Amino acid sequence: MPKILILNGPNLNMLGTRQPEIYGSETLTDVEAACQALGTELGFEVDCLQSNSEGGLVDAIQQARGTSEAIVINAGAYTHTSVAIFDALSLFDGLVIEVHISNIHKREAFRHHSHISARADGIIVGCGTHGYLLAINQVAYRLAN
């Protein structure tokens, strides 16, 4: 069964309590369950990992080489700062879909730049937590075509 790795960066473990006016009321557990259910429906194994550590995310990306067909990543604040995550993603041969719950382009100026976008095969912003499901559907579409 093909595998999708869902990666979430710092503070995304606080979904549901962190600024619900921006990020909504769903928890990360809710998001992961929805991703796994959709993945199963589409014929994918979905693994989920959240880390507040940049190194933890880099390690997960490196471990996905040769085992996952795609990475769906919301790197949180590391999106705007981490060359290390970009470099790790650049070594990954599968699809990379970047997800942001909020529209980062309507927020503070420092959030407008993403290091990950230069590697991403698709970018989903501002669709709330539904963006993760859009990303999984995009992976399924791209792999089928």
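Cβ-Cβ distances below 8 Å connect the following pairs, each with a first residue in the range 1-29 that is under 20 Å from Ile116 (Cβ atoms), a second residue that is modelled with pLDDT under 90 and exposed (fewer than 15 other Cβ atoms within 10 Å of the Cβ), and a separation of six or more residues or different chains: Asn11/Arg18.
Okay, residues lined up against (1) modelled with pLDDT of 95 or more; (2) within 13 Å of the chain's Cα centre (by Cα); (3) surrounded by fewer than 16 Cβ atoms within 10 Å (Cβ to Cβ):
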position: Gly94; (1), (2), (3): yes, no, no
position: Glu108; (1), (2), (3): no, no, yes
position: Gly122; (1), (2), (3): yes, yes, no
position: Val125; (1), (2), (3): yes, yes, no
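May I ask you to verify whether Asp30 is of a type in the set (D, E, K, R) and within 25 Å of Ala144 (Cβ to Cβ)? Against the criterion (of a type in the set (D, E, K, R) and within 25 Å of Ala144 (Cβ to Cβ)), Asp30 does not qualify. Looking at the structure I just gave you, is Glu26 touching a Ser or Thr at 6+ places or on another chain (Cβ under 7 Å), of a type in the set (Asp, Glu) and modelled with pLDDT under 95? Considered against the rule, which asks whether it is touching a Ser or Thr at 6+ places or on another chain (Cβ under 7 Å), of a type in the set (Asp, Glu) and modelled with pLDDT under 95, Glu26 comes out as yes.
For the residues Asn137, Asn74, the requirement of being loosely packed, with under 15 Cβ neighbours inside 10 Å and among the polar types (S, T, N, Q) singles out Asn137. Candidates Ala34, Ala77: the one that is modelled with pLDDT of 95 or more, of a type in the set (Gly, Ala, Ser) and not in a loop (DSSP other than H, G, I, E, B) is Ala34. Only residues that are out of contact with any strand residue (DSSP E or B) (no Cβ under 8 Å at 6 or more places or on another chain), part of a helix (DSSP H, G or I) and within 20 Å of Gly16 (Cβ to Cβ): list them for the range 99-138, please. Answer for the range 99-138, where residues must be out of contact with any strand residue (DSSP E or B) (no Cβ under 8 Å at 6 or more places or on another chain), part of a helix (DSSP H, G or I) and within 20 Å of Gly16 (Cβ to Cβ): His130, Leu133. Screening Tyr141 against (1) of a type outside the set (Lys, Arg); (2) under 19 Å from Leu28 (Cα atoms); (3) in a helix (DSSP H, G or I) leaves a single unmet condition, (2). Quick one: would you say Ile101 is surrounded by 18 or more Cβ atoms within 10 Å (Cβ to Cβ) and closer than 21 Å to Ala64 by Cβ? No.
The values are calculated or read from the model by the stated rules, or taken from the named source; none is laboratory data. All values reported here derive from a predicted model rather than from experimental measurement. Every residue, glycine as well, gets a Cβ built from its backbone with ideal geometry; the counts of neighbours run over all protein chains shown.
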